[in-house]
Structures are given as C-alpha cells and as structure tokens.
Amino acid sequence: MTKEDSRLLFERGLQFLGRQTASQSHEVTNVLNIINEMAGLMGDLLYSAGQGRPLDPDRLTQLTTKIAAQVKRGNQIVRAINQFGHSADKPLAVFDVQAVLERITFIAQRPASLHETLLETDFPEQTVALENSPLGFQQAVFTAFEIALAAATDKRRITIGYRLVSEGLLLTVHSDDPLIDHEDVAEKAKFLRLLVATLGGQVITLLDDDAPHRIELLFPKQTGEG
Amino acid sequence: MASDKVLLVDDEVEFVETLAERMTARGLRVDFTHSGDGAIRKTAKKRYDAIVLDLAMPGMDGLETLRHLRENHPDLQIILLTGQATIKTAVEATKLGAMDFLEKPADIDQLIEKIKTARGNRVQLAEKRTAAEIEDILSHKGW
C-alpha cells in the first residue's frame, strides 16, 4: 500500500466517523425541537386553564403520548450513535453482520430520505458472524450506499442485503436505477476498491455494464482468508 | 390591526403542526407545508408577512427553496430555522436574502418578535415601491 493510500484511508475513516456522528446529532436536535414545542404547548394550555379556559385532559394525554414517542425516537438515535462510535474501539473484532448492517442502514435512512429515496434491507433469517474491522465494514457498506444514492432519482429504492457464499459473505447494494459512472461516483468507487481490499475483501460488481443496478462486495468470514 | 400572516415550512410534521397551533393561539394567521415545493405553491397563491423555513428537507432543501422564493418574490421576508447552524450556511443564507437565521430549538417568543420585524420590513419595502411608482408617474406627467 502506498503512503498516499494509507493517508487516504486514515482521513476518510475520520471523515466517515465525524459525518455520521454530526448527521445523527442533527436528528437528535430535531427530536428535542419537537419535544420543546410540545412541552411549550402544554405550558400554553395550562396557562390558559389558569386564566379560566377549560382544560381538555384528552389533549394533554395526546401530547404526553407524543412526547413519549419522540423520547423513544431520540433514544434509538442516541443508541445508534453510541454503538456506531464504539465500533471504532477495536481495529479487528468478531461482529454480528445483521446487527451492524441494521445500524448502518438506520444511520443511512436520513440521507436516503433527504434524497427522497426508499432504503430497504433484504436479510436472511439467520445472521452470520464476521471477523473484520467493524468500522471499516460499515464504511464500505455506506460508501456503496452513497454510490447507489448518487445514481438514484427521486422516490426510487435502494436495497442492502447479504448472503453467505462459499468464499465468505457477499454484500449487495441494489438500486432501482442503473448506477451512473460520473466524476463523484468514480472517485467514490476508487476509494471503495481500496477500502475493501484493505479489509481483505474483493469488489465483485461495481459500475459494471453487465450488472448496472448492483454493487457486490465479498468479505472473507475471517481476515487472513481469501 | 391585522394579525401577522406566517407560512411555516418544515418536513417534521409534529413540529410544524405544534408550532402552528401555538402561534395561532397567540393571534397569528398560520399556514404550513412540509416541503420546498409546497412553499413555492403556497406563496404563489397567497402573500405572507414572513416565511419560517427549515434548512434540511427532503427534495428541495431550505437554501434551494430560499433561492426560488426570493427570485419570484423579492420582498418576501424569510427566517431560516436550522438544527445545524454553521458560519458557512449563515453566510450563504444571507447572500441568498434570508432576513434572519435561528437555531433549533427556537424560543417561540423570539421567533414571533422576528416575524413582527419581518412584517415591518415588508411594509417598508411596499411603501418604498409605492413612493417610487408615484415619483415615476409624476416625472413622466411633468406636473
């Protein structure tokens, strides 16, 4: 590996950590914003009651239920950030592929939604364990998702899935739209190849005219294989 | 005195509906929409004293919506609301003609004060335009 590749991996890894943390913290702000307004409305209703206006207990119950739902939403986001942050604890670990993919898909929902793209998953019933860099694996999945997102038109669909094959774990990112090979995408594709190779894997399909809707990445079940 | 007319634009449904209710209870006339496209459609049909516009929205984002609205309605007073304020975004928003910039969660009283300021700005701009039109008519008639 060249010095330049090494520096690129390091810088992009930090950027990935930083961008996802920032993005999810923005989601937490949205939740707090909603709770702030609902608490404010409760305050308004109680103030009006103090001024002699009748208080509707059903309205208050409705508001407390909505606040509880937002707190639950906020907890999910914070849990995802926390687990994502901890995925950088060890450069090599055995991890549950489905759990990690569910987390990175959860994180990817917001950029998908901003792009008006539906992000779905297609997972087998039984999960598998993989030994690799948990953060690197998530970054590879997210980079593949970003390539598919760059190709996605409004209101289309991207599906992330995986299955076990004889050579290891085959991860697929499928887009309803064919993947467009333009400047931004070419640069991301080049980085994805470098990252997957560093993780001991292979890029099986990427910006391939024979399979224009798919990205396929193969990871050995344990590093040192493949 | 007629109450302020406000359009709220935010993709978070719970937030915008709750804020609309609170503002209405404080005497404002409030419409809301959940997208930049929705804001463009509403402002084509109705005049508002102020638009409160979220920055991060699916499809057309806040800055793109701001640009469209200012192109078609140069007097429109737009207050940007964001959960991730950066200097870069604030500068870009100001260049595109945003009247003001608030971070979420915003204090409703502070927001309403800014809406009142927005209405004052709009009235001043309308008066200036009327004065300029009268000046123009008078200079052409040669009275």
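What follows is calculated from the coordinates using simple rules that are stated; it is not laboratory data. None of the values given here were measured: they were computed from a predicted structure. Cβ placement follows ideal geometry from the backbone for every residue including glycine, while neighbour counts extend to all protein chains displayed.
Out of A:ALA22, A:ALA80, which single residue is within 30 Å of A:LYS190 (Cβ to Cβ), at the interface with chain B (Cβ under 10 Å from one of its Cβ atoms) and not hydroxyl-bearing (Ser, Thr, Tyr)? Walk me through it before giving the result.
Details: A:ALA80 fails: at the interface with chain B (Cβ under 10 Å from one of its Cβ atoms).
Exactly one residue qualifies, and that residue is A:ALA22.
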Study note, to complete from the structure: Considering residues that are within 14 Å of another protein chain (Cβ to nearest Cβ) and within 15 Å of the chain's Cα centre (by Cα), the number found within region B:24-52 is 9
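Just to check your reading of the model, which residue among A:ALA69, A:ALA108, A:ALA39 is part of a helix (DSSP H, G or I), touching a Phe, Trp or Tyr at 6+ places or on another chain (Cβ under 8 Å) and closer than 30 Å to B:GLY62 by Cβ? Steps first, answer last, please.
Numbers: A:ALA69 fails: touching a Phe, Trp or Tyr at 6+ places or on another chain (Cβ under 8 Å); A:ALA39 fails: touching a Phe, Trp or Tyr at 6+ places or on another chain (Cβ under 8 Å).
On inspection, the qualifying residue turns out to be A:ALA108.
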**Study point:** Hits in region B:43-98 (condition: farther than 18 Å from B:PHE32 by Cα, polar (S, T, N, Q) and either in contact with a strand residue (DSSP E or B) (Cβ under 9 Å, 6 or more places away or on another chain) or surrounded by 21 or more Cβ atoms within 10 Å (Cβ to Cβ) (or both))
**Key:** B:GLN84, B:THR89, B:THR94
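Against the condition under 22 Å from A:HIS115 (Cβ atoms) and among the basic types (Lys, Arg), how does B:ARG29 come out, does it pass? Working first, answer last.
Values: under 22 Å from A:HIS115 (Cβ atoms): no; among the basic types (Lys, Arg): yes.
No: the conditions fail for B:ARG29.
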Exercise for review: For region A:37-55, enumerate the residues that are free of Cβ contacts under 8 Å to residues at least 12 places away in the same chain and out of contact with any Lys or Arg (no Cβ under 8 Å at 6 or more places or on another chain).
Suggested key: A:GLY43, A:LEU46, A:TYR47, A:SER48, A:ALA49, A:GLY50, A:GLN51, A:GLY52, A:ARG53, A:PRO54, A:LEU55
Revision key, fill the gap. Counted residues in region B:77-127 being more than 14 Å from every other protein chain (Cβ to nearest Cβ), more than 20 Å from B:GLU64 (Cα to Cα) and of a type in the set (Asp, Glu) come to 2
Review point. Regarding A:GLU116, is this residue under 16 Å from the mean Cα position of the chain (by Cα), on the phi > 0 side of the Ramachandran plot and surrounded by fewer than 23 Cβ atoms within 10 Å (Cβ to Cβ)?
Key: yes
